1. Across the range 176-205, what is the total count of residues that are open to solvent by less than 20 Å² (accessible area, probe 1.4 Å) and of a type in the set (S, T, N, Q)?
2. Checking G104 against (1) more than 20 Å from the chain's Cα centre (by Cα); (2) part of a helix (DSSP H, G or I); (3) of a type outside the set (S, T, N, Q), which test does it fail?
3. Taking the condition of being touching a helix residue (DSSP H, G or I) at 6+ places or on another chain (Cβ under 8 Å), more than 30 Å from N171 (Cβ to Cβ) and crowded, with 21+ Cβ neighbours inside 10 Å, how many residues in the range 95-122 meet it?
4. Taking only the range 25-35 into account, find how many residues are surrounded by fewer than 24 Cβ atoms within 10 Å (Cβ to Cβ) and either closer than 27 Å to S92 by Cα or at pLDDT 50 or above (or both).
5. Pick from the range 436-450 the residues that are assigned to a loop (DSSP other than H, G, I, E, B) and not aliphatic (A, V, I, L, M): which of them is farthest from A382 (Cα to Cα)?
6. Among H137, H144, which is the only one that is under 27 Å from R106 (Cβ atoms) and open to solvent by 10 Å² or more (accessible area, probe 1.4 Å)?
7. Which members of the range 375-394 meet the condition of being open to solvent by less than 10 Å² (accessible area, probe 1.4 Å), under 12 Å from S360 (Cβ atoms) and assigned to a strand (DSSP E or B)?
8. Select from the range 276-309 the residues that are part of a helix (DSSP H, G or I) and open to solvent by 10 Å² or more (accessible area, probe 1.4 Å) and list them in ascending order.
Amino acid sequence: MNRARTRGAIALAGAAAIATVVGLASAADAASTLGASAAEKGRYFGTAVAAYKLSDATYSGILDREFNMITPENEMKWDATEPTQGQFSYGSADQIVAHAAAHGQRMRGHALAWHSQQPSWAQNMSGTALRNAMVNHITNVATHYAGKIYAWDVVNEAFADGGNGARRDSNLQRTGNDWIEVAFRTARAADPGAKLCYNDYNTDGQNAKSNAVYAMVQDFKARGVPIDCVGFQSHINSGSPLPSDYQANLQRFANLGVDVQITELDIAGSGTAQANSYASVVKACLAVSRCTGITVWGIRDSDSWRSGDTPLLFDNNGNKKAAYNSTLDALNGSASSPPPVSSPPVSSPPVSSPPPSTGSCTATASINQWQGGFVATVRVTAGSSAINNWTVTMALPSGATVTNSWNVNRSGNSWTNVAYNGQVNAGQYTEWGFQANGTAGTLTPTCAGS
């Protein structure tokens, strides 16, 4: 979400269950507040928060009574956290995190990498210099908040609107098509306990844009890229109405093995029509077991980036609207699909079925180099027979030091499979990788299977 979001038209704007949530209330309380009612269904109900408004007693009063998840509206974005390259500023974001901790609320981090709201120094960069700056930024911010964030919006709005499902042309995209993957791997290394999400708008129903995101998530899951959740912003208005396949779209993403979250919900309108739309969104989330929570983008209508549309649950004075009542009623309804009991934070390829025999393997490395560092992705391919385990021998160039790795164990120049990716059927492959400082040069891996 942009600070003063100006897309040509508003129509363009568009796992672990929370088994215990601090501040769980009694059944009577759960029937009367959004957060506690959602928690009874194993979910959260959150809102976007601006640090400077926390001193507003009405604003904070509603926040602390109704919501059990907080997303900083702008305070964790690149321009706010690193206004000068290499110099990080966390004051406003820390204020929100401290408020959440004091009031039993969880945090969603928003957003580590985005084409918008970049500081001017990053806007003026390109190529390997920008890629290196992005990796450094994600590493520093995610490390600063490690252990305090439930889920990160690692990458925000990377796909273009329109009918072809293409990536958005941005300075980050022009650093190389793998920039999203690098961002997720970097975030996992910096904050391994947080869920890592991709977040976008105009993806609420099945269309070219959501299909492209779906294909990316499917590819990431197949290759072990650490993605745990997908965020659907759900900015609903007359030009971008709630699609009839909203629930089905959430479900198809959940079927890929990721959580789904409604991350920036606001619905233009008033009265019964708005109330019914809010209830429909809540019911859709409750019907999808991996829909772990809902965040509305602001508290009162006057706090909204689109305040003229009166899109939130409380009016300008903080009074509950019809949409609030319908939302609470939907949360308290009986029809709910329970969330999964647990989901490991690290995305892993499924374990292959036991192979019938063993044989040889080959290994190839692809490199993404930028100034001062690189990411290497290594593919291990089984030969004419399946393998149960593999070992890749590969020396790093002088001066190169590994900063993190995934889907592999390492001892010096020897790289071996982890528990879930040793078994590779004949002619099939698995991939692993690492990030390093220095220059990759020419990596020449060799593979032995058993």
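1. Qualifying residue count for the region: 3.
2. Of the numbered conditions (1) more than 20 Å from the chain's Cα centre (by Cα); (2) part of a helix (DSSP H, G or I); (3) of a type outside the set (S, T, N, Q), the odd one out for G104 is (2).
3. 2
4. Initial filter on the range 25-35 (surrounded by fewer than 24 Cβ atoms within 10 Å (Cβ to Cβ)): 25-33.
After this cut, where a residue has to be either closer than 27 Å to S92 by Cα or at pLDDT 50 or above (or both) as well, the list is 31-33.
Summing the residues that are surrounded by fewer than 24 Cβ atoms within 10 Å (Cβ to Cβ) and either closer than 27 Å to S92 by Cα or at pLDDT 50 or above (or both) in the range 25-35 gives 3.
5. Here is the first cut: in the range 436-450, the ones assigned to a loop (DSSP other than H, G, I, E, B) are 438-445, 450.
The next check asks that each one be not aliphatic (A, V, I, L, M); those that pass are 438-439, 441-442, 444-445, 450.
Values: G438: 30, T439: 29, G441: 26, T442: 23, T444: 17, P445: 14, S450: 10 Å.
Selected residue: G438.
6. On the way: H137 fails: open to solvent by 10 Å² or more (accessible area, probe 1.4 Å).
Only one candidate passes the filter, namely H144.
7. Passing the criteria: V380, A382, I387, W390.
8. To start, the set of residues in the range 276-309 that are part of a helix (DSSP H, G or I) comprises 276-287, 301-303, 307-309.
Selection gives N276, S277, A279, S280, K283, A287, S302, D303, S307, G308, D309.
The values are calculated or read from the model by the stated rules, or taken from the named source; none is laboratory data. No experiment lies behind these values; they were computed from the predicted model shown. Every residue, glycine among them, receives a Cβ derived from its backbone with ideal geometry; neighbour counts consider all protein chains shown. The protein model used for the area step is the full one, side chains on, heavy atoms only, and it has no ligands, DNA or RNA in it. Shrake-Rupley method; radii C 1.70, N 1.55, O 1.52, S 1.80 Å.
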